[in-house]
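Visitor: Dumping the structure here so I can ask a few things about it.
The values are calculated or read from the model by the stated rules, or taken from the named source; none is laboratory data. Small disclaimer: the values here were computed from a predicted structure and weren't measured. Here the Cβ positions follow ideal geometry from the backbone for every residue, glycine too, while neighbour counts run over all protein chains shown. These area figures cover heavy atoms from the full protein model, side chains too; ligands, DNA and RNA do not enter into them. Shrake-Rupley method; radii C 1.70, N 1.55, O 1.52, S 1.80 Å.
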Amino acid sequence: KKPLSAIIKEVCEGWSLGNHETFALQIADATNFYITEKNRNDIKNGSILRLTTSPYQTALQLHERIQSSSMDAKLEALKDLANASRDITFAQEFINLDGISLLTQMVESGTERYQKLQKIMKPCFGDLLSFTLTAFVELMDHGIVSWDTFSVAFIKKIASYVNKSAMDTAVLQRSLAILESMVLNSQDLYHKVAQEITIGQLIPHLQGTDQDIQTYTIAVINALFLKAPEEKRQEMAHILAQKQLRSIILTNVIRSPTPVNDEMAHQLYVLQVLNFNLLEDRMMTKMDPQDQAQRDIIFELRRIAFDVECEPNNGGSIEKRKSMYTRDYKKLGFINHVNPAVDFTQIPPGMLALDNMLYFAKHHQDAYIRIVLENSSREDKHECPFGRSSIELTKMLCEILKVGELRKLSSAKTDTVQS
C-alpha cells in the first residue's frame, strides 16, 4: 500500500545510497522492465527486484555515451540502448531527451564518418549501425513519436541499406522493418518511400536463404501494395507478375528446406488477399447487354468452341442466324440462350466470371472444347453446363477467397508491425 517512491527511499536509506530520486526498481528477469505505479500490480509473488538507476538517469547516461568519440564505447552504449529501449518507461525518458532525433542524425550523417573505416573495421561498422537501428525500431514501436516527423534524408539513407546488394543481415532486417512501418503509418511517407524503393530492388532479398529477411521483404511489398492508390495497385500487380514474384516465392520460400513459420505464412496470406482483391472491381461490374465490346467476348467463346467464322451480315436470314446462335449458346451452357449477356448481370461474380471463361477458352483451348462438346451431348439430368458452372464456380471462389474483404487487413497489418 506504500507509494513506490517511499519503498525506494527506504531501501536507499538502508544502504546509505544518497538521493533516492535517482534510483528505481527493476524486475530481475529477461524483460528488465522498470516498476512503476501503473505496472506494480503485475509483479508476481516471489519475483526478485533489482535496485538500479532511474529511467531518467539511465536515459541521460546513454544519451551521452552514444556520442562518445571512442568506437568501442559508442558500440557498448548502443548495445545497451537497444536493450533498454524495449521498456516503455525508459523509452519515454530517452525520447524526452530528443533521443530519436539524435539517432536519426547518427544514421543520416554520423555513420558517414565510419565509411572510411568500413574496410578495416567492417564488423564494428555493421554492429554500430545495427544497434542504432534496433534502438530506433524499439523506441518507435511504443507509438510515442509520430512517423511523420522524419526527413527525406533519413528515408533515403534507410532505403540505401535495402538497395545495397551486400549489406549486414541485421542492418537489412531493421531497415526493412523501418520502411514497412513508415509506409503503414503515414500516407506522406508512403509516397516518399515509394520513390526510393522499387519492387525490382526488393526481389533479390527473397532469393536468399534467410527467412526473416524474406518475411520482412514480403511485408514491405504488402505495405506498398496496401497503401498504393487504387489506380496504382493494378500497375504494381503487373510489375510483380513481370518479375516472376509468384515463381520466386514458390521456389525460395514455400519449397525451401526451411519450414514456413507463422509470420511468413501470415505475410504470404496478406499478399494473396491483396492480389485477389484486385478482382473486386470486375466481380462487382454488371455486364451491359448493349455493350458491343462485351458481347464480342461471348462471340469469341462461341467461335473458339465451335470453330466458326463470324458470318457476314448477308449470310442467311436474321432469323436463321438467331436460331443458330441460340442453339450454340445452349450448348455453351448459358441460362439465357437468346441473350447470354443477361447471365453476367448478377453480382457477384459479374464480369469476373466472363473473364475467367475467356481465359480458360484461350489458354486451355483443347480442354475447353472437350468440356463444351461432352456436355452438349449429355442427357439433361447428367449435364454440367460450362456457362452456368463457370459463373457458379467463380462466385464460390470469390466467397472462399474473400475477394473484396481488403478493409479487414488494415488492422491485421498494424498488428504485424507491432509484433
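Visitor: Give me the residue from region 171-202 that is closer than 24 Å to Thr251 by Cα and more than 14 Å from the chain's Cα centre (by Cα) and, out of that set, surrounded by the fewest Cβ atoms within 10 Å (Cβ to Cβ).
Guide: Within region 171-202, the match that is surrounded by the fewest Cβ atoms within 10 Å (Cβ to Cβ) is Gly200.
Let's see how each residue does on (1) among the small types (Gly, Ala, Ser); (2) assigned to a helix (DSSP H, G or I); (3) over 18 Å from Val273 (Cβ atoms):
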position	(1), (2), (3)
Leu179	no, yes, yes
Asp188	no, yes, yes
Lys192	no, yes, yes
Leu202	no, yes, yes
Tyr216	no, yes, yes
Ala219	yes, yes, no
Asn222	no, yes, no
Leu226	no, yes, no
Lys232	no, yes, no
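Visitor: Same structure again: Can you name every residue in region 257-292 that is more than 22 Å from Thr394 (Cβ to Cβ) and either acidic (Asp, Glu) or not in a helix (DSSP H, G or I) (or both)?
Guide: Applying the first criterion (more than 22 Å from Thr394 (Cβ to Cβ)) to region 257-292 yields 257-268, 270, 290, 292.
Across region 257-292, the qualifying residues are Pro257, Thr258, Pro259, Val260, Asn261, Asp262, Glu263, Gln290.
Conditions tested, residue by residue: (1) charged (D, E, K, R); (2) open to solvent by less than 40 Å² (accessible area, probe 1.4 Å); (3) touching a Ser or Thr at 6+ places or on another chain (Cβ under 6 Å); (4) modelled with pLDDT of 90 or more.
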position	(1), (2), (3), (4)
Gln290	no, no, no, no
Asp307	yes, no, no, no
Cys310	no, no, no, no
Lys322	yes, no, no, no
His337	no, no, yes, no
Ala341	no, yes, no, yes
Ile347	no, no, no, yes
Met357	no, yes, yes, yes
Lys381	yes, no, no, no
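Visitor: So, in region 47-75, of the ones that are part of a helix (DSSP H, G or I) and hydrophobic (A, V, I, L, M, F, W, C), which residue ends up modelled with the lowest pLDDT? Break it down into steps so the answer makes sense when it comes.
Guide: Our first condition is that a residue be part of a helix (DSSP H, G or I); within region 47-75, this holds for 55-65, 71-75.
The next check asks that each one be hydrophobic (A, V, I, L, M, F, W, C); those that pass are 59-60, 62, 71, 73, 75.
Details: Ala59: 97, Leu60: 97, Leu62: 96, Met71: 86, Ala73: 92, Leu75: 92.
Taking the candidates together, the pick is Met71.
Visitor: For region 359-372, how many residues meet the condition of being open to solvent by 50 Å² or more (accessible area, probe 1.4 Å) and among the hydrophobic types (A, V, I, L, M, F, W, C)? Steps first, answer last, please.
Guide: Let us first name the residues in region 359-372 that are open to solvent by 50 Å² or more (accessible area, probe 1.4 Å), namely 359-360, 362-366, 370-371.
Then drop every residue that is not among the hydrophobic types (A, V, I, L, M, F, W, C), which leaves 360, 371.
Total meeting the criteria: 2.
Visitor: Right, another one. State yes or no: is Phe94 modelled with pLDDT under 95 and either in contact with a Cys (Cβ under 8 Å, 6 or more places away or on another chain) or assigned to a helix (DSSP H, G or I) (or both)? Lay out the reasoning, then the answer.
Guide: On the way: modelled with pLDDT under 95: no; either in contact with a Cys (Cβ under 8 Å, 6 or more places away or on another chain) or assigned to a helix (DSSP H, G or I) (or both): yes.
For Phe94, the condition - modelled with pLDDT under 95 and either in contact with a Cys (Cβ under 8 Å, 6 or more places away or on another chain) or assigned to a helix (DSSP H, G or I) (or both) - is not met.
Visitor: Between residues in region 80-98 that are on the phi > 0 side of the Ramachandran plot and residues that are modelled with pLDDT of 95 or more and not in a loop (DSSP other than H, G, I, E, B), which pairs lie under 9 Å by C-beta distance while being six or more apart or on different chains?
Guide: Qualifying pairs under 9 Å: Asp98/His63.
Quick grid of which residues meet (1) in contact with a strand residue (DSSP E or B) (Cβ under 7 Å, 6 or more places away or on another chain); (2) surrounded by fewer than 17 Cβ atoms within 10 Å (Cβ to Cβ); (3) at negative phi:
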{"site": "Cys12", "(1), (2), (3)": "yes, no, yes"}
{"site": "Ala24", "(1), (2), (3)": "yes, no, yes"}
{"site": "Glu37", "(1), (2), (3)": "no, yes, yes"}
{"site": "Asn45", "(1), (2), (3)": "no, yes, yes"}
{"site": "Ala59", "(1), (2), (3)": "no, no, yes"}
